[in-house]
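Written out below as structure tokens is the structure these notes cover.
Just so it is clear, none of the values below were taken in a lab; they were calculated from the coordinates. Only a predicted model underlies this, so the values are computations on that prediction, with no experimental measurement involved. Cβ placement follows ideal geometry from the backbone for every residue including glycine, while neighbour counts extend to all protein chains displayed.
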Amino acid sequence: MLFRSLMQDKTSIHGAWTSRWIFILAATGSAVGLGNIWKFPYITGENGGGAFVLVYLCCILLVGVPIMMAEVLVGRRGRQSPINAMKDVALEAGRSRYWSLVGWIGVLAGFMIFSFYSVVAGWVLYYIAGMGVGDFIAIGSDDANGVFNDLLANPQTLIIWHSIFVMMVMLVIVGGVKKGLENAVKFLMPALFVLLLVMLAYSSQTEGFAAGWDFLFHYDPSELTAESVLVALGHSFFTLSLGMGAIMAYGSYMPKKTSIGSAVIWIAIMDTLVALIAGLVIFPIVFTNGMDPGKGPGLMFVTLPVAFGQMPGGQIFGFVFFLLVGVAAWTSAISLMEPATAWLVEKFNWHRVPACIVLGLIVWGLGVAALGSFNFISDVKLAGFSIFDFLDFVTANIMLPLGGLCIAIFVGWIITRKMAANELAISSPLLFNAWYIALRFIAPVGVLVIFIFSLVEKFK
């Protein structure tokens, strides 16, 4: 009883968010990343538009939201890094301390993701600079391809931009919750929304706006297939940054009186809105220039620079667009490194400065190895993958689904129903039971399907 009482009154040594909206903005920043900017709009357009959005929202409600609430619940209950929070909440429930291994999976996944994510974010920084100095004015498709390929072939340039991005992230994290994370969130998230609206206003004036709107929001259930549902299911999980410890870490800084359920719903709504608005920014520009919307990552680094280069005012708005993408990458990356930093501070009683230096150097080195996959160590393979692709494969296809599945099982089946109910404090028994059933039965099956589907897709 004493242990349980102490758990309920626990506060984080790292500090706390000053309000629920700061937590919502921080978690939304974690969720909104590079995938939101190009992937979600495209898969929406290719899979039935509005019909796909409805399926996706159902997946969010049945899989994404329940697991996210579970992660926040454990984080706030434990008030520590994901590793220690999982251990303490398990002990409170009278279960094995080895449930901390789930926290380890998340923290390591976030760390590994950051190592190659920072490489891609470095590309974005390079394009921000290029747009700023006018490198893409009147550029043709072949030249744009050449610029991107030359970038990938130049390790020195990649290392410079990768290094800058790592420093940008660690300088925020070193400030802690109040001075670092919160101050960054209060500035960066409003900046992201403003940049998004500026780009939306710009794209709405283009000739292709109607075509872009139709591509994104046409309602055609006949385009929905079993694979479409699987795509929606997978994206509903990955888009909310689940299974990597970020949301659990942010949850540990959440004020006690804040409703976990309503906060998570707001995060899911804002994440989806950002992705849809990003689609209304990108596709009108693509269609105005008669380009293919299905280029994936190439859309961002080859197709769009050509489009901006040919359009009136394209240099300015191209710069604003890549700045938007850079901000989205920055807010996501901060959340990837916070769990590992928090654990080092707790484990060794370090100040954040040495913790950030150590982690920054390790992840920087791993990032150099990842970017080397495109040039100086392109022949090095791990299980048949380049280092970059290996890190991507192991995290996205194994660690994140495994972490999400374990979280759902832990909160749904391992800790007591009373503990979950106490932490969530949902006044409506109907809503609590709906969440509990979804977490125990629907979400684990959903994540298991994602797990199997992603592996099959990778090796087929």
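Annotations for the structure displayed:
- When both the stretch 388-460 and the stretch 304-340 are represented by their alpha-carbon centers, they are found 31 Å apart.
- Efficiency of FRET between ILE452 and LEU91 - r from beta-carbon atoms, R0 35 angstrom, step 0.05: 0.60
- Most tightly packed first, judged by the mean number of other beta-carbon atoms within 10 Å of their residues, the peptides 217-226, 355-364 read 355-364, 217-226.
- Compared with the alpha-carbon gap, the fully stretched path from ARG417 to MET167 is longer by 85.7 nm at 0.36 nm per residue.
- For LYS186, a cut-off of 19 angstrom between C-alpha atoms picks up these lysines, skipping any fewer than 8 places away in its own chain: LYS178.
- Rounded to whole numbers, the Karplus 3J(HN,Hα) couplings from phi for the stretch 423-437 are 6, 6, 6, 7, 5, 8, x, 4, 5, 4, 5, 4, 4, 5, 5 Hz, using 6.51 cos²θ - 1.76 cosθ + 1.60 with θ = phi - 60°, and x at Gly and Pro.
- Projecting the Cα positions of LEU171, LEU152, ALA138 onto the charge dipole of the stretch 138-241 (unit charges on Cβ atoms of Lys, Arg, Asp and Glu, taken about the Cα centre) puts LEU171 furthest along the positive direction.
- Farthest toward positive dipole pole in the chain [+1 Lys/Arg, -1 Asp/Glu at C-beta], among VAL286, THR331, LEU224: THR331
- Secondary-structure-derived ellipticity at 222 nm for the chain, considering helices only, amounts to -23000 deg cm²/dmol, per-run term -39500 (n - 2.57) for DSSP H runs with n ≥ 4.
- When only alpha carbons are used to place a centre, the stretch 239-278 and the stretch 113-185 end up 25 Å from one another.
- Sorted fewest first by neighbouring Cβ atoms within 10 angstrom, LEU299, LEU54 come out as LEU54, LEU299.
- Relative pair counts by distance (%), Cα atoms of the stretch 2-459, 10 Å bins: 4, 21, 31, 27, 12, 3, 0
- Cβ-to-Cβ counts within 10 Å put VAL147, VAL325, VAL445, VAL456 in ascending order as VAL456, VAL445, VAL147, VAL325, the fewest first.
- Shown in residue order for the stretch 367-379 are the 3J(HN,Hα) couplings computed by the Karplus curve 6.51 cos²θ - 1.76 cosθ + 1.60 at θ = phi - 60°: x, 4, 5, 5, 6, x, 4, 8, 8, 6, 10, 5, 8 Hz (x for Gly and Pro).
- Whether the stretch 34-118 is rounded, prolate or oblate, judged on the alpha carbon gyration tensor where a/c under 1.5 counts as rounded: oblate
- Each Lys and Arg Cβ is given +1 and each Asp and Glu Cβ -1; about its Cα centre, the chain then shows a dipole of about 2200 debye.
- Positive-end residue of TYR42, SER386, VAL345, charge dipole of the stretch 2-459 with Cβ unit charges: VAL345
- Neighbour counts of other Cβ atoms within 10 Å put HIS351, HIS162, HIS235 in the fewest-to-most order HIS351, HIS235, HIS162.
- Just so you know, the Cα atoms of the stretch 214-318 work out to an Rg and Dmax of 18.1, 52 Å.
- Sum of side-chain charges, VAL65 neighbourhood, beta-carbon under 15 Å (Lys, Arg +1; Asp, Glu -1): -1
- Note, ³J(HN,Hα) from phi for the stretch 147-152, Karplus 6.51, -1.76, 1.60, rounded to Hz, x at Gly and Pro: 4, 5, 5, 5, 4, 5
- Pair ASP379, ILE269: separation of 7 Å Cα→Cβ label points (nm): 5.7
- Taking 0.36 nm per residue of separation and subtracting the current Cα-Cα distance, fully stretching the chain between LYS179 and ARG440 would add 90.2 nm.
- Contact order relative to length of the stretch 2-459, as percent, for alpha carbon pairs under 8 angstrom and 6 or more apart: 34
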